[in-house]
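Enquirer: My questions will all concern the structure given below.
The values are calculated or read from the model by the stated rules, or taken from the named source; none is laboratory data. Keep in mind that this is a model prediction, so the values were computed, not measured. FYI the Cβ positions are ideal-geometry reconstructions off the backbone, even for glycines, and counts take in every protein chain you see. Only protein heavy atoms, including side chains, enter the accessible area calculation; ligands, DNA and RNA are left aside. Shrake-Rupley method; radii C 1.70, N 1.55, O 1.52, S 1.80 Å.
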Amino acid sequence: MYYPYYYPYYQPMNRQNQQQLISNIAQAINGEYSAVECYAKLIELAPTNEEKRQIREIRRDEEKHLRQFSRIYRSLTGRQPDPQQIEECPRNYRQGLEVSFKDEQEAADFYQDIAEQATDPFIQQTFRRASADEQNHAVWFLYFMTKRR
């Protein structure tokens with residue numbers, strides 16, 4: 001089990017809460033993995049270089065989140081996560097923007113919940129930062145959706 005000795009305010013979790021946190025982190029890993037996969041397809045569908053560039057940047061953030069969450073998962077469980085794609089990628093650009101906007105908004109809220117559930121300051125900080133990134137991504141997808149009207 002992961003015990004960060006360098007954090008003076010760390011409070012160990014009970015087993016049930018620890019298992020719920022691990023389950024939520026596994027769900028977050030699957031969400032990030034799915035986003036990485038679907039955003040690769042969305043980049044191909046994007047009609048302008050500006051949109052392709054921005055979606056590539058968003059995808060890089062998602063890859064970073066996937067790495068960070070996987071490290072946390074390994075530190076808590078001693079096991080490598082096995083990411084699964086949990087959603088089908090949209091087939092057209094407009095639908096891809098709409099699904100991505102919604103997913104990013106939901107992820108931002110979910111990551112805030114994980115940050116509040118965690119007692120480890122490093123995990124809290126990682127998920128709060130990821131939540132802010134997800135909110136920023138949602139704004140970009142909303143911008144591209146409104147441009148397409």
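Enquirer: For the chain, what is the accessible area per residue in Å² when the probe is 1.4 Å? Mind showing how you got there, number by number?
Expert: Working: 8490 Å² over 149 residues.
That works out to 57 Å² per residue.
Enquirer: Under the Karplus relation 6.51 cos²θ - 1.76 cosθ + 1.60, θ = phi - 60°, what is the ordered set of whole-Hz ³J(HN,Hα) values for segment 94-107, x standing for Gly and Pro?
Expert: Result, rounded to whole Hz: 4, 4, x, 5, 5, 5, 5, 4, 4, 4, 5, 4, 5, 5.
Enquirer: Pop out the ³J(HN,Hα) list for segment 84-91 in order, Karplus 6.51 cos²θ - 1.76 cosθ + 1.60 with θ = phi - 60°, rounded to Hz; leave Gly and Pro as x.
Expert: Result, rounded to whole Hz: 10, 6, 9, 8, 7, 6, x, 9.
Enquirer: Could you check the spin-label model distance between Asn49 and Gln124? Points 7 Å from the Cα along Cα→Cβ, value in nm.
Expert: Taking the two extended label points, one gets 4.5 nm.
Enquirer: How about segment 60-133: which GluC sites (Glu not before Pro) there lie in a loop by DSSP and see at most 11 other Cβ atoms within 10 Å?
Expert: Glu88
Enquirer: In whole angstrom, how far apart do the alpha carbon centroids of segment 82-140 and segment 33-77 sit?
Expert: The two parts, judged by their Cα centres, are 10 Å apart.
Enquirer: Mind listing which trypsin sites (Lys or Arg not before Pro) in segment 30-129 are in a DSSP loop and have 16 or fewer other Cβ atoms within 10 Å?
Expert: For trypsin sites (Lys or Arg not before Pro) across segment 30-129 that sit outside H, G, I, E and B with at most 16 neighbouring Cβ atoms in 10 Å, the list reads Arg79, Arg91.
Enquirer: Sticking with this structure for a sec: Once both axes come from the Cα atoms, what is the angle between helix 15-45 and the longest principal axis of the chain, in degrees from 0 to 90, rounded to 10?
Expert: Tilt of helix 15-45: around 20 degrees.
Enquirer: Could you derive backbone 3J(HN,Hα) for segment 129-141 from the dihedral phi with the Karplus parameters 6.51, -1.76 and 1.60 (θ = phi - 60°), listing whole Hz in sequence and x where the residue is Gly or Pro?
Expert: 5, 5, 4, 5, 4, 4, 5, 4, 4, 4, 4, 4, 5
Enquirer: Label Arg56 and Lys147 with points 7 Å out from Cα along Cα→Cβ: what is the distance between them in nm?
Expert: Simple spin-label model gives 1.5 nm for this pair.
Enquirer: Given labels modelled 7 Å from the Cα in the Cβ direction, how far is it in nm from Gln135 to Gln16?
Expert: Rounded to a tenth, the inter-label distance reads 3.2 nm.
Enquirer: Roughly speaking, to the nearest percent, how much of the chain's 1.4 Å accessible area is carbon and sulfur?
Expert: Numbers: 3950 of 8490 Å².
C and S fraction of accessible area: 46 percent.
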